[in-house]
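Trainee: Here's a structure for you.
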Amino acid sequence: MLRTGLILLATVLSLLVVDTVVPGVNIANFPAAIVAGLAIGAINATVKPVISTLSLPLNFVTLGGFSLVINGLCFWLAALLVPGFYVHGLIGFFLAPIVLSFANTFLGKYLAEKYPTMYIEPKA
């Protein structure tokens, strides 16, 4: 339970970084960021594998470039489901998942070093 909480905390803090850095991404408040973190985790665990599998030929032809579109779609879908979390424009659509990934990786590494017995790194 605590490990899951630390992973969620890393995602929520990463979303707040995305809100600050990426134009076109707006998070109204901290509770909206928590719900958005949960939504992104749920979508990445359920919807993203299905979309990735169905678009495998297109992803192969584009040498993996279509993965950016898939990540953007999952991020945008989470924004549709969570009140107080908005994504506007192509910059937010494409850049926000990239920044989220980098920030989440950095914070995940930090938490893994700070709390080594309580944290298991999420698999990318």
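Trainee: Calculate, in nm to one decimal, what S67 and V50 gain on full extension: separation in residues at 0.36 nm each, minus their alpha carbon distance.
Mentor: Net length gain for the segment: 4.9 nm.
Trainee: Suppose every Lys and Arg Cβ carries +1 and every Asp and Glu Cβ carries -1, with no other charges. What dipole size does the chain come out with about its Cα centre, to the nearest 20 debye?
Mentor: Roughly 180 debye, rounded to the nearest 20.
Trainee: So what is the calculated 222 nm ellipticity per residue for the chain, using -39500 (n - 2.57) for each DSSP H run with n of 4 or more, over all residues, to the nearest 500 deg cm²/dmol?
Mentor: -25500 deg cm²/dmol
Trainee: Here's something else I'd like to know. Considering amide H positions built from the backbone, and no H for Pro or chain starts, which residues 5 or more places from V25, or on another chain, come under 5 Å of its amide H?
Mentor: H88
Trainee: Another question about this same structure. Projecting each Cα onto the charge dipole of the chain (Lys/Arg +1, Asp/Glu -1 at the beta carbon, about the Cα centre), which of Y115, F30, S67 comes out farthest on the positive side?
Mentor: Comparing the listed Cα positions along the dipole, Y115 ranks first.
Trainee: Volume per residue, Å³, of the convex hull around the alpha-carbon atoms of the chain?
Mentor: So the per-residue Cα hull volume is 105 Å³.
Trainee: What percent does the relative contact order of the stretch 2-114 come to when contacts are Cα pairs within less than 8 Å and at least six residues apart?
Mentor: 40 percent.
Trainee: Can you tell me the length gained on complete extension of the stretch N26 to L90, counting 0.36 nm per residue apart and subtracting the Cα distance?
Mentor: 21.6 nm
No lab work stands behind these numbers, since they all come straight from the coordinates. These numbers come from a predicted model, not from an experiment. Because the Cβ atoms are built from the backbone with ideal geometry, glycine has one as well, and the counts that use them run over all protein chains shown.
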